[in-house]
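I have placed the structure first, in the form of structure tokens, so that the comments after it can refer back to it.
The values are calculated or read from the model by the stated rules, or taken from the named source; none is laboratory data. Note that this is a predicted model, so its numbers are computed, not measured. Reconstructed Cβ throughout: ideal geometry from the backbone, glycine too, with neighbour counts over all protein chains shown. Each accessible area value is taken on the protein alone, full model and side chains, heavy atoms only, with ligands, DNA and RNA left out. Shrake-Rupley method; radii C 1.70, N 1.55, O 1.52, S 1.80 Å.
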Amino acid sequence: MPGVHRDRVKGGGPRRSPQRVIQLVSAVVLNGYMAGFRKGTIFTGSSKAVCVPVLNCYSCPGALGACPIGALQAAAGGVKHHFPFYVLGLLTLFGVVLGRLACGLLCPFGLVQDLLHHIPVPKMTVPPALDRPARWLKYGILLVFVLLLPAFVSGITPPYFCEYICPAGTLGGGVPLLLTNPPLRELAGVLFTWKALVLAAVVLLSMLVHRPFCRYLCPLGAFYALFQRFSFYQMSLERDKCVDCKRCEKACPMAVEVTKQINSAECIRCGRCKYVCPTGAIKSGF
């Protein structure tokens, strides 16, 4: 079963990673307004004022909460360009408590990428000389598209990241709304075509490379990465138990060198390394 890792460990039977179950439950809970998918409408209840801890498009017909990246841009780019105290405070709270745990266990678009990577096509390894600098791109997107452009461009500004880049929004919001609303399809123009191409590129790359959007483009992952080293939730490696088999590093979807930097800013804390370790050397918790 994809996402469920079984390994015989010292003194016990096979252990199962709960990652896929948690991801599925999170996706259903965050997008629980089923009537929205049937009617092609957006939920507008009071919970929409609350930011969820993951990238989950406000325009998704099933979304019960607000996407923090969208909310951050809306607050900064409004009529008076307010400083987004609420959104930044909530994101900081999530980052300090969880680090990137939300990326590995709670994000619906992370689940989509994980499932796409299980499609049986030849996989690709990104050369380190390209992979390492490319990972800085998500920090640039956070700084420019999410923070600077909405804050400093005069007048009411669009949510630049949501409007021009976000493939999660295209998949969760744009596609379902177009499928259920024929009049909207007539209005879809060049911008939606561009967004569809970005989504198609991420889908294709997800089949070849594990979690390309999380590695290179996600501004929310970039924000949480800033808190990774000192968040309450941490991973740890017991050196005396480690047999240097590297199974943890082979299982890591983010290509983290687990035995060297287990709390790397790139780690999404999905727990796969922990559940493939044959000696139980990897621990996690608050």
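A few remarks follow.
- Every residue from the stretch 120-162 that is over 22 Å from the mean Cα position of the chain (by Cα), among the aliphatic types (A, V, I, L, M) and under 22 Å from Val256 (Cα atoms): Ala129
- Of the helices (runs of 4 or more DSSP H) that lie entirely inside the stretch 178-286, those containing 2 or more residues that are open to solvent by 40 Å² or more (accessible area, probe 1.4 Å), closer than 30 Å to Lys39 by Cβ and not hydroxyl-bearing (Ser, Thr, Tyr) span 182-187, 190-208.
- Against the criterion of being farther than 27 Å from Ser26 by Cβ, touching a helix residue (DSSP H, G or I) at 6+ places or on another chain (Cβ under 9 Å) and open to solvent by 20 Å² or more (accessible area, probe 1.4 Å), Pro150 does not qualify.
- Out of Gly110, Gly40, sole residue that is of a type outside the set (S, T, N, Q), open to solvent by less than 20 Å² (accessible area, probe 1.4 Å) and closer than 23 Å to Asn263 by Cα: Gly110
- Evaluation of Pro120 against (1) closer than 23 Å to Ala200 by Cβ; (2) part of a loop (DSSP other than H, G, I, E, B); (3) touching a residue at least 60 places away in the same chain (Cβ under 8 Å); (4) open to solvent by 40 Å² or more (accessible area, probe 1.4 Å) (one fails), failing number: (3)
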